[in-house]
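This report refers to the structure that appears directly beneath it.
The values are calculated or read from the model by the stated rules, or taken from the named source; none is laboratory data. Remember, predicted model here, so these are calculated numbers, not experimental data. All Cβ positions, even for glycine, are placed from backbone atoms using ideal geometry, and neighbour counts span all protein chains on display.
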Amino acid sequence: MEEKIRILKLSRSASEVSVTISALEDPVVVPEHIVHKHRLKEDIVITPSQLETLRTESELFRCDRTAARMLAAREHSTGEIRTKLARKSFTPDAIRQIVRKYQDRGVLDDARYAHRLANQLLMQRPCGRAYLVAYLQRRMIDRSLAEETADVALTGKDEKELATAALAKRWGGYSQFELEVARQKAYNYLARRGFGYEAARVAFEQLLERRKEVPRD
């Protein structure tokens, strides 16, 4: 005879209920309204299908709660949230539903997030288009959106001026070297930041000229 599945214990804490079930090693955690929906009480018998429903609803509740905490801490891209939730071992279906929920609410918005990241990066650490696109992709922004965002963020900005601003932040370290060594190091740095040769050349020459203009004691 198949053993009956019983609700052994209901433990309430804040807005959630921990449900201990005879067929499971660990309790399932659900919101209070799920307890009322299924009329759960201690010592009642539930069917295998009811058990599976409770497990699914618990998974969705915990996935939602985890995503909410992540999004409260900082803004994320859709890809970042999906990856983090997958690392927590939530099922693909639960992740899909929760991601859609926060997209529909406007909390997850890759376009808005990408534009904020791009503008912030250009202000704090100037870079060229290639670097900016790669940076956004590392934040799991789709490539086409990353390219579109980079183009918008760089509209009206001069690459040579950005390169000069980027190099100025490191100029003190390069100015101690002999001229050609400093030039090569500067060019290599700016290339890694996504700038072309001409922008790097102009940036180096401008900063070199400024150094010459500074009077020495």
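Sort out which residues of segment 1-37 are assigned to a loop (DSSP other than H, G, I, E, B) and touching an Asp or Glu at 6+ places or on another chain (Cβ under 9 Å), and write them in order of number. Before you say what the answer is, go through the steps one by one.
To start, the set of residues in segment 1-37 that are assigned to a loop (DSSP other than H, G, I, E, B) comprises 1-4, 14-15, 22-27.
Passing the criteria: SER15, SER22, ALA23.
Name the one entry in GLU159, GLU148 that is acidic (Asp, Glu), in contact with a helix residue (DSSP H, G or I) (Cβ under 7 Å, 6 or more places away or on another chain) and at pLDDT 95 or above. Outline the logic, then answer.
Working: GLU148 fails: in contact with a helix residue (DSSP H, G or I) (Cβ under 7 Å, 6 or more places away or on another chain).
Just one listed residue meets the conditions, GLU159.
Counting only residues that are among the charged types (D, E, K, R) and touching a helix residue (DSSP H, G or I) at 6+ places or on another chain (Cβ under 6 Å), how many does segment 107-124 have? Let's see the steps before the verdict.
Looking only at segment 107-124, we keep the residues that are among the charged types (D, E, K, R), and these are 109-110, 112, 116.
Within this subset, residues satisfying the condition of being touching a helix residue (DSSP H, G or I) at 6+ places or on another chain (Cβ under 6 Å) are 110.
Of the residues in that region, 1 qualify.
Among the listed residues SER15, SER77, which satisfies the condition of being among the polar types (S, T, N, Q), in contact with a helix residue (DSSP H, G or I) (Cβ under 9 Å, 6 or more places away or on another chain) and crowded, with 17+ Cβ neighbours inside 10 Å?
So the residue among SER15, SER77 that is among the polar types (S, T, N, Q), in contact with a helix residue (DSSP H, G or I) (Cβ under 9 Å, 6 or more places away or on another chain) and crowded, with 17+ Cβ neighbours inside 10 Å is SER77.
Only one residue in TYR135, TYR102 is within 23 Å of TYR197 (Cα to Cα) and aromatic (Phe, Trp, Tyr). Which one?
Going through TYR135, TYR102 in turn, just one is within 23 Å of TYR197 (Cα to Cα) and aromatic (Phe, Trp, Tyr): TYR135.
Answer yes or no as to whether GLU57 is acidic (Asp, Glu) and either touching a His at 6+ places or on another chain (Cβ under 8 Å) or over 30 Å from GLN137 (Cβ atoms) (or both).
On the way: acidic (Asp, Glu): yes; either touching a His at 6+ places or on another chain (Cβ under 8 Å) or over 30 Å from GLN137 (Cβ atoms) (or both): yes.
Considered against the rule, which asks whether it is acidic (Asp, Glu) and either touching a His at 6+ places or on another chain (Cβ under 8 Å) or over 30 Å from GLN137 (Cβ atoms) (or both), GLU57 comes out as yes.
Scan segment 23-40 residue by residue and report those that are surrounded by 15 or more Cβ atoms within 10 Å (Cβ to Cβ) and of a type outside the set (A, V, I, L, M).
PRO27, PRO31, HIS38
I'm trying to understand the selection: among the residues of segment 54-80, which are farther than 20 Å from SER11 by Cβ and over 25 Å from the mean Cα position of the chain (by Cα)?
Within segment 54-80, THR56 is the sole residue that qualifies.
Tell me, yes or no, whether segment 81-97 has at least one residue that is within 24 Å of ALA14 (Cβ to Cβ), part of a loop (DSSP other than H, G, I, E, B) and of a type in the set (S, T, N, Q).
yes
Would you check if CYS127 is in contact with a helix residue (DSSP H, G or I) (Cβ under 7 Å, 6 or more places away or on another chain), within 30 Å of LEU190 (Cβ to Cβ) and outside the structural domain of ALA199 (by TED's automatic domain parsing)? Explain how you work it out, then say what you get.
Working: in contact with a helix residue (DSSP H, G or I) (Cβ under 7 Å, 6 or more places away or on another chain): yes; within 30 Å of LEU190 (Cβ to Cβ): yes; outside the structural domain of ALA199 (by TED's automatic domain parsing): yes.
It is true that CYS127 is in contact with a helix residue (DSSP H, G or I) (Cβ under 7 Å, 6 or more places away or on another chain), within 30 Å of LEU190 (Cβ to Cβ) and outside the structural domain of ALA199 (by TED's automatic domain parsing).
Filter segment 61-90 down to the residues that are touching a Lys or Arg at 6+ places or on another chain (Cβ under 9 Å) and not charged (D, E, K, R), then identify the one that is nearest to ALA114 (Cα to Cα).
Filtering segment 61-90 down to residues touching a Lys or Arg at 6+ places or on another chain (Cβ under 9 Å) leaves 62-64, 66-67, 70, 75-77, 79-80, 82, 88, 90.
Within this subset, residues satisfying the condition of being not charged (D, E, K, R) are 63, 66-67, 70, 76-77, 79, 90.
On the way: CYS63: 24, THR66: 23, ALA67: 19, MET70: 17, HIS76: 10, SER77: 8, GLY79: 12, PHE90: 26 Å.
Within segment 61-90, the match that is nearest to ALA114 (Cα to Cα) is SER77.
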